[in-house]
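Asks: A single structure is presented below for examination.
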């Protein structure tokens, strides 16, 4: 069994470095191209990857990234709310490097004001991974989600030091693969 993970394509909030968790940001033209290119690569590699299921975040940027992949692989994605991005609460729309935003990101047990904590995110992501491993045993699965979720996904399979965790986010449409 293999589990694949990709982050959505580039959005304006990525380019402008704004905090964007639950906000429905749209893909840029580059983000749309990234999604198309990833779909093409996955189609070319499907004989090796044998992806049979796709799970996607309900947020539009992830759905728009999954759409060309679904078409290329002939698989309809299952929308799962657990794959949504971190709820950054009152920090939504703020500059990513504001001092209070940066300070709060380092407090993994603390909820973002009116949002959720990193550990709450880990709980829901670990839960969906555990569920998919059990229900889809022997089948290969692709998850299409978000940047902060990507580091949680990685942490399920890889040891990540606390000081490295904030930087463990993958690039837009970067693909991770883990064999079980």
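The values are calculated or read from the model by the stated rules, or taken from the named source; none is laboratory data. Treat the numbers as computed from the prediction; the structure is a model and nothing was measured. Note that each Cβ is placed from the backbone with ideal geometry, even for glycine, and that neighbours are counted across all protein chains shown.
Asks: Within region 129-139, which residues are surrounded by fewer than 19 Cβ atoms within 10 Å (Cβ to Cβ) and in contact with a strand residue (DSSP E or B) (Cβ under 8 Å, 6 or more places away or on another chain)?
Replies: Selection gives 133, 136, 139.
Asks: Under 7 Å between Cβ atoms, which residue pairs at least 6 apart in sequence (or on different chains) link something in region 10-24 that is under 18 Å from residue 99 (Cα atoms) with a partner that is assigned to a helix (DSSP H, G or I)?
Replies: What qualifies is 19/91; 19/101; 20/13.
Asks: If you scan region 104-128, which residues turn out to be surrounded by 13 or more Cβ atoms within 10 Å (Cβ to Cβ) and assigned to a loop (DSSP other than H, G, I, E, B)?
Replies: 108, 110, 111, 112, 115, 116, 117
Asks: Now a separate question. Please verify whether region 153-166 includes one or more residues that are modelled with pLDDT of 95 or more, part of a helix (DSSP H, G or I), touching a helix residue (DSSP H, G or I) at 6+ places or on another chain (Cβ under 8 Å) and under 30 Å from residue 71 (Cβ atoms).
Replies: yes
Asks: Which residue is modelled with the lowest pLDDT, if the candidates are limited to region 90-102 and must be in contact with a strand residue (DSSP E or B) (Cβ under 8 Å, 6 or more places away or on another chain) and not in a helix (DSSP H, G or I)?
Replies: Residue satisfying both the conditions and the ranking: 96.
Asks: Is it the case, given these coordinates, that residue 96 is closer than 25 Å to residue 13 by Cβ and in contact (Cβ under 8 Å) with a residue 60 or more places away in the chain?
Replies: Taking the combined requirement at face value, the residue satisfies it.
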